[in-house]
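The values are calculated or read from the model by the stated rules, or taken from the named source; none is laboratory data. As the structure is a prediction and not an experimental result, all values here were calculated from the model. Counting neighbours? That spans all protein chains shown, and the Cβs are built from the backbone with ideal geometry, glycine included.
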Amino acid sequence: MEITSINTESLSRMFLAGAKNLEAKKEWINELNVFPVPDGDTGTNMSMTIMSAAREVGALSNPTMKELAKAISSGSLRGARGNSGVILSQLFRGFCKVIKEYDEVDVSVLCDAFQKAVETAYKAVMKPKEGTILTVAKGAADKALDLAQETEDLVYFCDEVIKHAEYVLSQTPEMLPVLKQAGVVDSGGQGLVQVLKGAYDSLLGKEIDYSIEETPASAGTAKVSEPAEQEIKYGYCTEFIIVLTRPLSEKEEKEYKSYLESIGDSIVVVADDEVVKTHVHTNDPGLAIQKALTHGSLTKIKIDNMREEHQEKLIKDAEKAAARQKEQEAEKEEPRKPMGFIAVSIGEGMNEIFRGLGADYLIEGGQTMNPSTEDMLAAIDHVNADHIFILPNNKNIIMAANQAAELTEDKDIIVLPTKTIPQGIVALVNYIPDYTAEENKEAMLAELDSVKTGQVTYAVRDTEIDGMQIRQNDYMGIGDKAILAVGTDLKETTMKMIDAMVDEDSAIVSIYYGADETEEHAQEIGKMIEEKYPDVEVEINCGGQPIYYFVISVE
């Protein structure tokens, strides 16, 4: 099979196929996390980024190439999450700058688009690091340049580009020692390869589900649909248990399931020798009940009108949205203040600390759920100030914050590169209202290096990092740049991490205990610190953060 050009319709399907393939592989990609911590999120971030664009593409009807390019670029930019997601969005942005000028794409155009994609993505990263998604993208673009003079066949061209991208991906552990040590390839590069593979499958005409599920309406835009009940195909959630007169044969169970499928969906049938638990969404519960009665008596019958529940939910959502809109309008009527603050936070205790320090708006998120550029833009819109400081409080969120700053025109957005929650707290503590925005920026930036952060969690797999043998379920104390402690006892591991952080200049140790820890345990660790380091002041705070038992800062 030879293909020499791709029209808008075909390219649209290829993009959707790439998105769906990445989404299907996201958990596998998450597991390629270098540190064996339970927060691998590269696959999730890349998937949510590309699916944001896929929803915009899926909503188009007979688009032009320019309209398709805009949907891909805008959707991915606004939906970008995490460093890998932001880089992916920049690759799409560069790619779309080229294709939007053409009605059809051939080898030459595709090659140019690859070059522009890589150029745009490298420019977006302040300090590009080889052995990452950027390296894989560059390898693919270099191969495309070599092939552009050899062939006009897009099938051969794409196949060879993907093969080379996979080869470059396999070499990433040789470029980044931390990957080699962990025994994994770069997760972002793997995500990009999966996008390319999915798109290639579409080009070959393989059978692919191109449907893209819509996400719920975002806050502030909920409204009662017209008519709302038409959105639900089957109106009654029907559940019951059949007390069998005799065990069902395999054939009877199969026929029963087939009948339920003919009258509804969302079917769950769990059978043993005595009972059959049944769940089905249908427009006629009576039919399901009548069929079930042929096999025995019924108990625990429950029928809910989903259309009615859906209508009530939509009305409540609309009421909440109206209330939010009213609040926002009232805020906008107030005089715009000189400076405002947006902080990314997770855990009610952490949230309360940021609110107490004067944060105007909190974005719920962190290591396990990186906020998108769109989340940042919504927060910026909410804060009525001339100069707005964003505290990402995670190194994987900084790029999304910077991208939001670039997309904002009516306010001065200052992204402070806070990589941890304690850095964000230190930044806010050092804010001085009488200073200008620029003076505050300099003062806060100067204080970021004064705080060290350690986080205690557990390992999800066996590995070796920085010469440390780590076993699954071991406790790990992770510092700003490396794993500082590993052990089987939580308190001992935490103290070992603190020992690696405290020095003769240290004055304050702040302990933030997480959702899975207690104040009592935090106090015990606090006493151990005071006994070992009598000149150091210890503060105990409820952080409420998930996954990390303790977040500890040393100043």
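A few remarks follow.
- LYS70 being modelled with pLDDT of 90 or more, surrounded by 18 or more Cβ atoms within 10 Å (Cβ to Cβ), not assigned by TED's automatic domain parsing to the domain that holds ALA485 and not hydrophobic (A, V, I, L, M, F, W, C): no
- Scanning the stretch 162-178 for residues that are more than 30 Å from ASP462 (Cβ to Cβ) and crowded, with 16+ Cβ neighbours inside 10 Å turns up at least one hit.
- With respect to the stated conditions, GLY85 is at pLDDT below 95, surrounded by 21 or more Cβ atoms within 10 Å (Cβ to Cβ) and assigned to a helix (DSSP H, G or I).
- Positions within the stretch 407-466 being of a type outside the set (Val, Ile, Thr), within 24 Å of the chain's Cα centre (by Cα), crowded, with 17+ Cβ neighbours inside 10 Å and assigned to a helix (DSSP H, G or I), in sequence order: PRO422, GLN423, GLY424
- Counting only strands (runs of 3 or more DSSP E) that sit wholly inside the stretch 332-391, those with at least 3 residues that are modelled with pLDDT of 95 or more are 337-345, 385-391.
- The set of residues in the stretch 64-82 that are of a type outside the set (Val, Ile, Thr), in contact with a helix residue (DSSP H, G or I) (Cβ under 6 Å, 6 or more places away or on another chain) and either assigned to a helix (DSSP H, G or I) or more than 29 Å from PRO392 (Cα to Cα) (or both) comprises MET65, LEU68, ALA69, ALA71, SER73, GLY75, SER76, LEU77, ARG78, GLY79, GLY82.
- If you go through the stretch 529-546 and pick out every residue that is crowded, with 16+ Cβ neighbours inside 10 Å, in a strand (DSSP E or B) and over 34 Å from the mean Cα position of the chain (by Cα), you end up with 1.
- If you check ALA522, ALA507, ALA443, ALA437 for being touching a His at 6+ places or on another chain (Cβ under 6 Å) and more than 24 Å from ASN396 (Cβ to Cβ), only one passes: ALA437.
- Pairs meeting the criteria (first residue in the stretch 35-64 and touching a residue at least 40 places away in the same chain (Cβ under 8 Å) and outside the structural domain of MET468 (by TED's automatic domain parsing), second residue outside any helix (DSSP H, G or I) and of a type in the set (D, E, K, R), beta carbons under 7 Å, at least 6 apart or on different chains) are PRO36/ARG461; GLY40/GLU31; GLY43/LYS25; ASN45/ARG81; MET48/ARG81; THR49/ARG81; ARG55/GLU214.
- In the stretch 475-498, the residues that are farther than 13 Å from TYR549 by Cβ and in a loop (DSSP other than H, G, I, E, B): GLY479, ASP480, LYS481, ALA482, THR488
- Filtered residues of the stretch 499-528 (kept if surrounded by 14 or more Cβ atoms within 10 Å (Cβ to Cβ), among the hydrophobic types (A, V, I, L, M, F, W, C) and not in a helix (DSSP H, G or I)): VAL502, VAL509, ILE511, ALA515
- Breaking point among (1) surrounded by fewer than 24 Cβ atoms within 10 Å (Cβ to Cβ); (2) hydroxyl-bearing (Ser, Thr, Tyr); (3) touching a Lys or Arg at 6+ places or on another chain (Cβ under 8 Å), for SER372: (1)
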